[in-house]
Every structure is written in C-alpha cells, then in structure tokens.
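The values are calculated or read from the model by the stated rules, or taken from the named source; none is laboratory data. The model shown is predicted, which means the values in this text are computed figures rather than measured ones. Using ideal geometry, Cβ is built from the backbone for each residue, glycine included, and neighbour counts are taken over all protein chains shown. Protein only, heavy atoms only, side chains kept; ligands, DNA and RNA dropped before computing areas. Shrake-Rupley method; radii C 1.70, N 1.55, O 1.52, S 1.80 Å.
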Amino acid sequence: MSYTKQALGNEFFVKSHDILFEQGLSDVDINIQKWDNTKCFFSNGDRSAIPFDIFSASFYMLSRYEEYLPHVKDEFGRFTAEESLAYNSGFLHQPVVDIWAYKFKAALQAQFPDFKFPNKNYSVKPIIDVPSPYKYKLKGFLRTVVGVLSDFSKFRIVSLYDRFGVLLRFKNDPHDTFKYLLNRQKNTRFKFLFFFLIGELTTYDKGVSPNKRDFISLIKHVADYCQVGLKISFFALEDEKRLKREKAKMEDILNTNLIASRQSHSKLNLPETYRYLISLEIKEDFTMGYPNHIGFRAGSCTPFLFYDLDYEVQTPLKITPYQLMDVALLKQWSLLDKKKVLNELISSIKAVNGEFVPVFHNYTFSEDKEWEGFKELFNLILDSVDQN
C-alpha cells in the first residue's frame, strides 16, 4: 500500500491530501461531496483505491481542527453545532469517520481477501450527570430561605409542599433517583458512569457542598456499584489550581485515582482544557458532544486519543464522545417522536458497531412533567444491546 501523491505501481494506492504533511494550522479548502449513502471531503481522483483521502478527512474531524479556527461562541463560551462543518453540510447525524473506515476495510478486503480483520461489537456506556444530587436537601439555610421566599412570591404551592415535605423528612427528594438507577445497574451487564459536581457554588454551578457528610456517603454508595468520575466545575476549566483541588477532593472521597472527567455545561476550550487534564493525569474525558443537538461532534462513536494540533503530538488522553444528551430529546414533542429519533440514532451506531454514549441527569428520572417517559427511553437504550 502507498499513501503519496503518485502511485508507484499496481499497489493499493491512496492519494494524499496536504493537511497531514503540514505544520500548524491553515484555512483548509473543504468541498463536501456525496459518497454512496454518506458524505466526504478531500476528493483524490480516479487512480486512488478509494475516492477520498479518508486519513486526512478523519484527522480533520477527530483532531477538531475547525475548533482551533476562528468561530462564534455561545453565551457559555462554547463551540456550537451550528458552527460545525458536519451540521452545515448535513452529516452531523452520521458517524462518518467510522463509515469511512468500513469503506476502507471493504476496499482492502477486495484486494487482500485472505487478510483477517478484528471484529467490533456495538456497546452502550450510559452517563449519569449529577450537577446537584437533590432539589431541596443539603442546600444550606440561606439557599433554603431564598427558595421558600421565591416559591411564596410566585405562588408555587406544590413546590412549597414538596420542599417542606422533604425538609421534614416525610417525602423523598424529587431529584433523589439514585435508588432507581442503582437497581437498573444491578440488572444490566455494563457499568453506568456517574459524574458528580463537587466544586464551589457559583453562577454556573449550584451543587451541594462536598463537605456534607450525606453527600460524601451518597458518592461512596454509588461507587460501590458503578463507576464514578468528576464533573469539573465551570470556572475550574480555566483555573488549574481549582481543578487540582476538585480532583484531589474526589480522589479523597473515592479513595482511588480519578480516571474520568466531564466538564460543566459541556464546555471545552481546545487545546487548553485537555492539556490541564493531561497534566493532572486524568485518563479519559466525556465532554465531546453537543448538549442541544443529537449527533457526532467528532464524526465518530469510537473513543480516540486526543491529538494536540499546536504541539503536533498524540497525547495519552482518551476522548469518549457522547452522541445524545437528554435535553436534546425535549425538542421532540411526543414520546413517539422521541423514540423514533432515538431508534434512528441507535441504528446508525449499530451499523458501525460503535459505542453509544448517552448523557442523562439524575433529575431526568424524577416525576417532573417535562421528563415524562424518559425512564422508558433510558430502558430502550439499555435493551438495545440485547437486540444486537
């Protein structure tokens, strides 16, 4: 096989684009074209064994090249789906990098029929994001008083009844859904991954203090049955000292090294955020995705190692992209529509034997009206592995 500008003879030849041979970043000219039932770019002519330089195209998608280029951020300072090539070219809903890999495999098999490829299987990695474990419990005197006054001023009688019921301990906290989740975990053969926020109270993060004994007990209890990672607070993303404190606190609670992280509000600053994680020896991150859009931010449903474009180096940090956050399903009005969209996503991941990583929150499984039917959707995801 050769990967060059010109074929050397009759070998398996893939014509190369310039991007993999460049140093630094440049404004890359991208022309999206159809390729059977998908799309691709970096077309490379007739002589090539495949019609596109999928190595360069995959590198562009997985390195998040476009996120280093100038773009408009949202109010949280995030790169949005609307700014992405995938969204604007109509292939955000497809794991294009994995699809291209299978096309490459088919072309190789045609030329080398005796070569044996390893098999992959579809899998599910459910994420439970916990920005705050409770709606009313452990919020402290001042926040509780402010909450009560707010309920009074807005005539939220049901909220007042629930709040006092929880505080007087004759009602369960509405967002305390951990018993349900741990029961589901016990009946499922793959591990859920919980991310707990233990950062300080700020405008963006309104969790519970990690110094509260009941909260520490909850994290330890969940860790007995599931995997637990750190939900990094919003301001810790740009403050390495704060991030270090949060990591140390979580390791102290878990009594083991922290493996995985997720950023508050799914905010990523490339490459700084990932460099902080690498310097703190965090092994895996689960922030690569769009909170408000279903799809494949990096074009893939296969975990990959972060490549630092500035330093031109592959790092040891494993990026596990998520394809769905629960809030994105709220755009669909009926439960039937939600199921339809979810089944389409599952089918697209199964087609490439990828890893489905959905992000749900602890409050998603509450009795709140807006989350009606979400337990059923969660079960549909869990059951999708057995239908493989």
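Below is a table of values for the structure above.
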| quantity | calculated |
| --- | --- |
| Residues of the chain: accessible area per residue with a 1.4 Å probe, Å² | 49 |
| Entry for percent of Cα pairs over 37 Å apart (calculated from the structure that is shown) out of [x] 27; [y] 37; [z] 20 | [x] |
| Heavy-atom accessible area ranking, 1.4 Å probe, most first, across LYS244, LYS135 | LYS244, LYS135 |
| 10 Å-binned pair-distance histogram of segment 225-356 (Cα, whole percent) | 12, 37, 32, 16, 3 |
| Equivalent ellipsoid semi-axes - Cα gyration tensor, segment 1-120, angstrom | 29, 17, 12 |
| Test item: Cα-centred dipole of the chain, Lys/Arg +1 and Asp/Glu -1 on Cβ, debye | 1520 |
| Table column - 3J(HN,Hα) (Hz), segment 370-384, Karplus curve with 6.51, -1.76, 1.60, x for Gly and Pro | 5, 9, 4, x, 6, 5, 5, 5, 5, 5, 4, 5, 4, 6, 5 |
| 3J(HN,Hα) from dihedral phi, segment 180-190, Karplus parametrisation 6.51/-1.76/1.60, rounded to Hz, x for glycine, proline | 4, 5, 5, 5, 5, 4, 5, 9, 10, 8, 10 |
| Among TYR87, ALA328, PRO131 the positive-end extreme of the charge dipole of the chain (Cβ point charges) | PRO131 |
| Positive dipole terminus of segment 175-331, leading residue within ILE219, GLY295, TYR204 (C-beta point charges) | ILE219 |
| Set LYS231/LYS350; LYS135/LYS179; LYS125/LYS231; LYS171/LYS369 screened for pairs whose C-alpha atoms are more than 23 Å apart | LYS231/LYS350 |
| Euclidean distance of C-alpha centroids, segment 57-109 and segment 290-369, integer Å | 13 |
| Taking segment 230-388 and dividing mean pair separation by its residue count, relative contact order in percent (alpha carbons under 8 Å, at least six apart) | 16 |
| Listed residues ILE294, ILE30, ILE349, most fluctuating in the chain (Gaussian network, C-alpha, under 10 Å) | ILE30 |
| Å³ per residue enclosed by the Cα convex hull of segment 268-331 | 85 |
| Share of alpha-carbon pairs per 5 Å distance bin for segment 48-96, given as whole % | 4, 17, 24, 26, 16, 7, 3, 2, 1, 0 |
| In degrees, nearest ten, helix 157-167 long axis to first principal axis of the chain (Cα) | 80 |
| Cβ charges +1 (Lys, Arg) and -1 (Asp, Glu), total dipole of segment 33-143, debye | 640 |
